[in-house]
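Take a look at the structure set out below.
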Amino acid sequence: DRPASSMLPASTRAPWAVETVGEAAPVPEAVQGLMLAEARRAAAEASSGPLTKRINDQRSLQRWKKSEAHANILKYISELGDAVVGRRLTQECEARPIISTIVAELEAMSEWIDRIPPLQQAMRYGNKAFKTWHERLVERSHKMMSDIFERHGPACVEDTALATAELHTYFIESFGSPVRVDYGTGHELSLIAWLFCMEKVGLLVLSDRPAVVLRVFHGYLTLMQKLQTTYWLEPAGSHGVWGLDDYQFLCFIFGAAQLVNHPHILPSSIHDEELLEQAADDYMYLSAIAFIRKVKKGPFGEHSPYLNDISGVETWNKVVAGVVGACEG
C-alpha cells in the first residue's frame, strides 16, 4: 500500500555492504531486530497511564512482530522517509501551529539541561542529574498533552482524557530510562509510536509528515544528543560495533531518504570531512555521522563498521532499503 508517487524502493532485501548479483545478502543477524528488542525493553518500563506491559518475552515479541500494529508502525516509518526525499533540513517547510507547539516544547526541554548541570560523580556514564531532568519531563508532559488537545485537538476524539494519558506515556518513554539512566533505539521507537498515535487521533495529518521529520524528529534528535553528551546516558541494549549506532537508528533512514537522487553527495561522501562540515546542517544522515565522529575516537571503520560498510553502497535508495530491512528484523 505504498503511495504511487513514492520515490523510495519497496523492497527491503538489499544489503548494505558490497553489492551482489542475484539474491541479496541477508542483513547481519546481530543487527536484525535491534529496534524490536529495544521496543521490548521500553515497553517493559511503561508504568503509568492506560498502557500495560504486553511485550515481556520472546513469545510476546514474536506475536507483536506479526501484529497489525507492528506492520502499521513499519509502514509509517517508511512513509515518513518518503515524505522527505530530496528535502533539506534548512529549507522552508510548511508547518501547522501544532508542529510549532511540539518544537517549542522540545526547545524548552533542552533549556532544562542548562539549568540542571551534571553531578560530580566517580562514573563518567549515567550521571544521576538525568533523573532530575526526567522528573521534570514527567511533571510537564501530561499538561503538555492536555494543552495540545485543547489548542489543536479534533472534535472526533471522544475521550480526550484517555487519549492524553496514553500519548503522555509514549512521550515520556521516548527520552530514556531514569532508573538505569540509559537511552536506546527502543526509546526512539516510542517517539515514533507517539507521533503515529498523534496522527491516528487526528492531531497530526498526512500533510504534516515532512515537518514531522524535518522539524519534530530532528529537534528530538538534537535534544537527545545534548542529553547524551551532558549526562552521558548509558547505551540501552547497545550491540556495540555490531549495531549501526549506540543510541539512534531512524535518523539513518530519514537521513538517507533526504539524499535519494542527490546529484553529488553519495554514501561514500561520509568520509569527506570537509563535506560533512558543510552539509551536516542540511542532511540528517551527515549530521549523525558527524556527531559519531565527534564523540567516538579511533578509525571510523573500527568503531562503526556497519556504517562504514554502508558507505560502499552505490545509491541512497539501496541504503534506505538496507536500513529499513534491518528495522523490520
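The values are calculated or read from the model by the stated rules, or taken from the named source; none is laboratory data. For clarity, every value in this text was computed on a predicted model and none was experimentally measured. Reconstructed Cβ throughout: ideal geometry from the backbone, glycine too, with neighbour counts over all protein chains shown. Surface accessibility is based on the protein's heavy atoms, side chains included, excluding ligands, DNA and RNA. Shrake-Rupley method; radii C 1.70, N 1.55, O 1.52, S 1.80 Å.
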- Query: Taking the condition basic (Lys, Arg) and either without any contact (Cβ under 8 Å) to a residue 40 or more places away in the chain or out of contact with any strand residue (DSSP E or B) (no Cβ under 9 Å at 6 or more places or on another chain) (or both), does ARG151 pass?
  - Reply: yes
In the set GLU45, GLU29, the lone residue that is in contact with a strand residue (DSSP E or B) (Cβ under 8 Å, 6 or more places away or on another chain), closer than 20 Å to GLY184 by Cα, modelled with pLDDT under 95 and open to solvent by 30 Å² or more (accessible area, probe 1.4 Å) is GLU45
In the set LEU206, LEU214, the lone residue that is touching a helix residue (DSSP H, G or I) at 6+ places or on another chain (Cβ under 9 Å) and without any contact (Cβ under 8 Å) to a residue 12 or more places away in the chain is LEU206
Condition set aliphatic (A, V, I, L, M) and within 20 Å of GLU234 (Cβ to Cβ), scope the stretch 125-162, selection farthest from the chain's Cα centre (by Cα): answer is ALA129
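Yes or no, residue by residue, for (1) crowded, with 18+ Cβ neighbours inside 10 Å; (2) aromatic (Phe, Trp, Tyr):
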position	(1), (2)
CYS93	no, no
ARG124	no, no
ARG136	no, no
MET145	yes, no
ALA161	no, no
TYR170	yes, yes
- Message: Looking at the stretch 133-143, can you tell me whether even one residue there is free of Cβ contacts under 8 Å to residues at least 60 places away in the same chain, of a type outside the set (Asp, Glu) and not in a helix (DSSP H, G or I)?
- Response: no
Determine, yes or no, whether SER207 is polar (S, T, N, Q), within 23 Å of VAL157 (Cα to Cα) and more than 11 Å from the chain's Cα centre (by Cα). yes
Review point. Among the residues of the stretch 175-189, is there at least one that is open to solvent by 10 Å² or more (accessible area, probe 1.4 Å), within 18 Å of the chain's Cα centre (by Cα), of a type outside the set (D, E, K, R) and modelled with pLDDT under 95?
Key: yes
> So is GLU166 among the acidic types (Asp, Glu), in contact with a Leu (Cβ under 9 Å, 6 or more places away or on another chain) and either open to solvent by less than 10 Å² (accessible area, probe 1.4 Å) or within 19 Å of ARG215 (Cα to Cα) (or both) or not?
Replying inline: no
Picked from the stretch 266-291 (must be among the polar types (S, T, N, Q) and open to solvent by 20 Å² or more (accessible area, probe 1.4 Å)), the residue nearest to THR229 (Cα to Cα) is SER287
Those residues of the stretch 261-291 that are under 24 Å from TRP232 (Cα atoms) and without any contact (Cβ under 8 Å) to a residue 12 or more places away in the chain come to a total of 1
Within the stretch 292-308, restricting to residues that are touching a residue at least 60 places away in the same chain (Cβ under 8 Å) and within 22 Å of the chain's Cα centre (by Cα), the one that is most open to solvent (accessible area, probe 1.4 Å) is VAL295
Those residues of the stretch 176-220 that are more than 19 Å from ILE99 (Cβ to Cβ) and among the aromatic types (Phe, Trp, Tyr) come to a total of 1
Listed by range, helices (runs of 4 or more DSSP H) wholly within the stretch 179-280 having at least 3 residues that are over 21 Å from HIS70 (Cα atoms) are 218-231, 250-258, 273-279
Of those in the stretch 317-329 that are in contact with a helix residue (DSSP H, G or I) (Cβ under 7 Å, 6 or more places away or on another chain) and open to solvent by 10 Å² or more (accessible area, probe 1.4 Å), the residue nearest to ALA71 (Cα to Cα) is GLU328
Taking the stretch 309-329 and keeping only residues that are among the acidic types (Asp, Glu) and within 16 Å of the chain's Cα centre (by Cα), one is left with GLU328
Examine the stretch 243-260 for a residue that is of a type in the set (Gly, Ala, Ser), under 11 Å from THR315 (Cα atoms) and open to solvent by 30 Å² or more (accessible area, probe 1.4 Å), and state whether such a residue exists. no
